[in-house]
Amino acid sequence: MALKNDLLLKALRGETVERPPVWMMRQAGRYLPEFMELKKKYDFFTRCQTPELASEITVQPIRRYGMDAAILFSDILVIPQAMEIEVQMKTDFGPYLPNPIRSKKDLDRVVVPDVEESLDYVLEAIKMTREKLADEVPLLGFAGSPWTILCYCVQGQGSKSFDKAKEFCFTQPDTAHALLQKITDTTITYLKAKVKAGVDAVQVFDSWGGMLSPEDYELYSWPYIQQIVDALKEETHVIVFGKGCWFALKTMSQSGASALGVDWTCSPKNARYLSGGKITLQGNFDPSRLFSPPAEIKKMVTKMIREFGKDRYIVNLGHGILPTVPLENAQAFIEAVKTYSEG
């Protein structure tokens, strides 16, 4: 079936559009009251692992705001779970991995799983979500970058510096690269299974790419993302988002990805310049700016679209929406794009 709204796919193909498409990273989740109702009843991984819940959470923001794309509710850490690395989600703490990977011996217990089996709940959630969306808008799947997943697997939790993860890479590079390859192999089969199950495009989140120097990024992050792009680009559109990775935009633009995400620390002008001006860009509104008054949000979004240009552009935040953003402000962001005209 043809999608009723295929603006996002047009932007990913580089086609001319009346206005750019809009969606928000983390749009399915913690700022929505209807999500919070489910959160009271079910813990985090129950929400991820129950297809009925994951699909319901995915469509909640589409019902409320009518974004131009849905993104499947899940988590990047389902990958290490499938690889038999225990991951817990602790309240007011975040992810916690009680047995981090710190040595060759630790690595030996990490498996490359059969994703159709270990992550079947995600694939089922995709099918249920497609039914609920009824071809209204495209559905995005996603995964974390291998480097970002390694950060959690080695550090054992979130961090401001991921010092243990970096130390692991710099003191045991062979073991680090072996872990990165296992994560990459799992991620490729996972994303391919998602495409087969019905997603229209995928995004790779390199949330902690900016923790690395440009030289180390070329060693420990980018080659593994490139493997993912190479494996998926003939089957679907791949969006690559590296937070804090403006320095890699030129390399990324030559990768075969359909679009590149940009965070708010890089201006539209610089992002276009660094990426060569021919690839679709996505971003880059500062999520904290959604605390500004709605009228100001509308002006800022209009200015952002004018600076990026309406074509080869997807309006988004520069990272995930924050949990305390007022609902009317999120609405103002979406409406500013939907009512955009070039006048």
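The values are calculated or read from the model by the stated rules, or taken from the named source; none is laboratory data. Predicted, not measured: the structure shown is a model, and the values here were computed from it. So basically every Cβ, Gly included, is an ideal-geometry build from the backbone, and we count neighbours across all protein chains shown. Ligands, DNA and RNA are stripped out before the accessible areas are found, and what is left, the full protein with its side chains, is counted by its heavy atoms. Shrake-Rupley method; radii C 1.70, N 1.55, O 1.52, S 1.80 Å.
List of remarks:
- Of residues in region 1-29 being basic (Lys, Arg) and either at pLDDT below 95 or part of a helix (DSSP H, G or I) (or both), the one farthest from Val337 (Cα to Cα): Arg13
- The set of residues in region 219-261 that are touching a His at 6+ places or on another chain (Cβ under 8 Å) and part of a loop (DSSP other than H, G, I, E, B) comprises Lys243, Ser258.
- In region 159-181, the condition of being in contact with a Leu (Cβ under 8 Å, 6 or more places away or on another chain), part of a helix (DSSP H, G or I), β-branched (Val, Ile, Thr) and surrounded by 21 or more Cβ atoms within 10 Å (Cβ to Cβ) is met by no residue.
- Filter pass, Arg102 being open to solvent by 70 Å² or more (accessible area, probe 1.4 Å) and part of a helix (DSSP H, G or I): no
- Some residue of region 70-86 being open to solvent by 10 Å² or more (accessible area, probe 1.4 Å), more than 19 Å from the chain's Cα centre (by Cα) and either in contact (Cβ under 8 Å) with a residue 60 or more places away in the chain or on the phi < 0 side of the Ramachandran plot (or both): yes
- Any hit, region 69-83, residues being acidic (Asp, Glu), over 23 Å from Ala336 (Cβ atoms) and at pLDDT below 95: no
- Qualifying positions in region 225-236 - out of contact with any strand residue (DSSP E or B) (no Cβ under 8 Å at 6 or more places or on another chain) and either crowded, with 24+ Cβ neighbours inside 10 Å or small (Gly, Ala, Ser) (or both): Ala231
- Pair list, Cβ under 7 Å, 6 or more apart: region 106-119 residue farther than 17 Å from Lys194 by Cα, other residue among the charged types (D, E, K, R) and open to solvent by 90 Å² or more (accessible area, probe 1.4 Å): Arg109/Glu84; Val110/Glu84; Val111/Glu84
- Members of region 194-223 found to be small (Gly, Ala, Ser) and either free of Cβ contacts under 8 Å to residues at least 40 places away in the same chain or open to solvent by 10 Å² or more (accessible area, probe 1.4 Å) (or both), listed by number: Ala197, Gly198, Ser207, Gly210, Ser213
- Here Ile239 fulfils each of the conditions (1) free of Cβ contacts under 8 Å to residues at least 60 places away in the same chain; (2) touching a strand residue (DSSP E or B) at 6+ places or on another chain (Cβ under 8 Å); (3) under 22 Å from Val337 (Cα atoms) apart from (1).
- Cβ-Cβ contacts under 9 Å between residues 6 or more apart (or on different chains), taken from a first residue in region 293-312 that is assigned to a loop (DSSP other than H, G, I, E, B) to a second residue that is modelled with pLDDT under 95 and open to solvent by 60 Å² or more (accessible area, probe 1.4 Å), are listed as Lys310/Glu342.
- Here Trp147 fulfils each of the conditions (1) open to solvent by 20 Å² or more (accessible area, probe 1.4 Å); (2) in a helix (DSSP H, G or I); (3) not aliphatic (A, V, I, L, M) apart from (1).
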